[in-house]
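This report refers to the structure that appears directly beneath it.
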Amino acid sequence: MHVLKAKILTCLIGAVALSASGQVNIDNVINVSQTERIEKTLSSDEMKGRAVFTPSIDKAADFIAREFKSIGLETPDNSGSYLQEFTLLRSTFLSATALLDGRPQETKNIVAFTTNPHLVISQDSGYQKAYIRAGDNFFSSAFKYVRDDKDYLVLVDSSFSKEMHRMPSFKRPGFKQPHSVVFILTNTDPVSYQIEVKHDISKLRLANVVGILPGKSKANEYVIFSGHYDHLGIGKPDARMDSIYNGANDDASGTTAVIELASYFKQLDRNERTLVFVAFTAEETGGYGSQYFSRQYNPSKVMAMFNIEMIGTQSRWGTNSAYITGYEKTDMGAILEKNLQGSKFRFYPDPYTPQSLFYRSDNATLARLGVPAHTISTSKMEEPPHDEPNYHKPSDEIGTLDLTNMTEIIKAIAVSAGSIVEGRDTPTRVKTEELRK
């Protein structure tokens, strides 16, 4: 029965695609054989879990780049490379001294968030003075200042001694930032101060993999298809598996979809809008790949983003289905549903809204800028035993995936995206003022 349903769905979606294009048989481009070939390569033991800052993720990036070249995609800005390289900066604390109204402070009570290797500031440096007072929510207040684009000297009430001494553990590699934030644990409000903080700053290289299919009449409008190709690398084995976290579902499945969609739309050759196919790096370590990528585009020119995350297993509704995060925030889901009329496939609103999935994947950066950027997934984010049993485990291997159903999901994305790709439909924007509430 399961096989019969899959065949029926294949025929229905294929019929819709054929009637739309009149040229390309979707089954010849997106099929189980291709899905298995790509997925098997990305999630193989040879990729060693595709952890960032390892040779294995470079191997995965090279494979994706070869696929893009074979398809015939262009490189970004005709650069000659599909690798969109960027660097993160990692700061290692060396020393800190401070005088507040001439009184020396203990080094352990000084924490600086900066990418300046040698930071020297005083009351004449233009830093805005801020306070975290007794009774405040320490971490909420602290990271509000860290995320802001201003230079701050933050005076922290001494009741937060324990929290302050945990602050260094929250430092992560990041992009070069023009501003610095210095926290000092004190019960004084100094008129004068002299602070010197030294860090060793090292550079960490990362790369997204990006391929471009230029648009025709609307070349300055963009539609993005994305997934992340990094995973957790090698860790502790469980009782039944080896130590390689293969990440077959998370998110080799999404990257496989991006490659197959690129091949399909290249052969279809009906994209009035420019299509951008991207495999993000560093999703698992802070979403740095999508953050950097988003800075390269004017968000007003991005008409839609299809982020594909963990589609290798059946959804809570079984086969022929997937859900869309943030469904209610734009009418993009309704457009996709309209384009799937005549098939048995169904996109559902995200049933796991308490998990805030809309903000937890690579769509989030552009969504916060108003782009109708949604993640498509089948991953069950419920409590055990109804969740994804292989999530972030060495058992996330290709043998746990339903490749037939996964292939039908990719076809459904291809067909449902058609009117947006061809410029006939434009989804409404995310209301950014709601995201700030």
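Coordinate-derived values only; no laboratory data. The model shown is predicted, which means the values in this text are computed figures rather than measured ones. All Cβ positions, even for glycine, are placed from backbone atoms using ideal geometry, and neighbour counts span all protein chains on display.
At-a-glance table
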quantity: Karplus-derived HN-Hα couplings along the range 125-139 (A = 6.51, B = -1.76, C = 1.60, θ = phi - 60°), whole Hz, x at Gly and Pro; calculated: 8, x, 6, 7, 7, 9, 9, 10, 9, 3, x, 6, 7, 4, 5
quantity: Exposure proxy order (Cβ contacts within 10 Å, fewest to most) of Glu260, Glu383, Glu46; calculated: Glu383, Glu46, Glu260
quantity: Percentage, to the nearest whole number, of Cα pairs in the chain over 36 Å apart; calculated: 34
quantity: Virtual spin-label span in nm between Lys59 and Phe175, 7 Å along Cα→Cβ; calculated: 3.1
quantity: Neighbour-count ranking [beta-carbon atoms within 10 angstrom, fewest first] of Met303, Met241; calculated: Met241, Met303
quantity: Rounded tilt (10° steps) of 32-42 against the dominant C-alpha axis of the chain; calculated: 20
quantity: Sites Glu163 and His392, calculated FRET efficiency, Cβ-Cβ separation with R0 30 Å, nearest 0.05; calculated: 0.60
quantity: Extension reserve of the Glu328-Lys129 stretch, reckoned as 0.36 nm per residue once the Cα distance is removed; calculated: 67.6 nm
quantity: Calculated Rg and Dmax of the range 88-202 using C-alpha coordinates, Å; calculated: 13.0, 37
quantity: The range 36-108 - convex hull of the alpha-carbon atoms, volume per residue in Å³; calculated: 166
quantity: Intensity falloff of the range 258-303 expressed as log10 I(q)/I(0), Debye formula with alpha-carbon point scatterers, at q = 0.17, 0.27, 0.28, 0.33 Å⁻¹; calculated: -0.64, -1.01, -1.02, -1.11
quantity: Label-point separation in nm, Lys431 to Ser79, each point 7 Å along Cα→Cβ; calculated: 3.7
quantity: Rounded to the nearest 20 debye, dipole of the range 88-202 from Cβ charges on Lys, Arg, Asp, Glu; calculated: 440
quantity: Once the Cα gyration tensor of the range 244-355 is diagonalised, semi-axes √(5λ) in Å; calculated: 22, 20, 17
quantity: Whole-Å distance, taken between Cα centres, linking the range 127-201 and the range 216-290; calculated: 36
quantity: Candidates Asn28, Asn187, Asn320, ranked by Gaussian network fluctuation over the chain, Cα under 10 Å, top entry; calculated: Asn187
quantity: The chain: angle of helix 403-416 to the longest principal axis, Cα-based, in degrees nearest 10; calculated: 90
quantity: Helix axis angle, 55-71 relative to the chain longest principal axis, alpha carbon, degrees; calculated: 40
quantity: Antiparallel %, DSSP beta bridges [both residues in the chain], to 5; calculated: 55
quantity: MRE, 222 nm, helices only [DSSP H, n ≥ 4, -39500 (n - 2.57), over the chain, to nearest 500]; calculated: -8500 deg cm²/dmol
quantity: GNM result for the chain, Cα springs below 10 Å: residue of Val210, Val182, Val421 fluctuating most strongly; calculated: Val182
quantity: Charge dipole magnitude, Cβ of K and R +1, D and E -1 - the range 212-294, Cα centre, debye nearest 20; calculated: 360
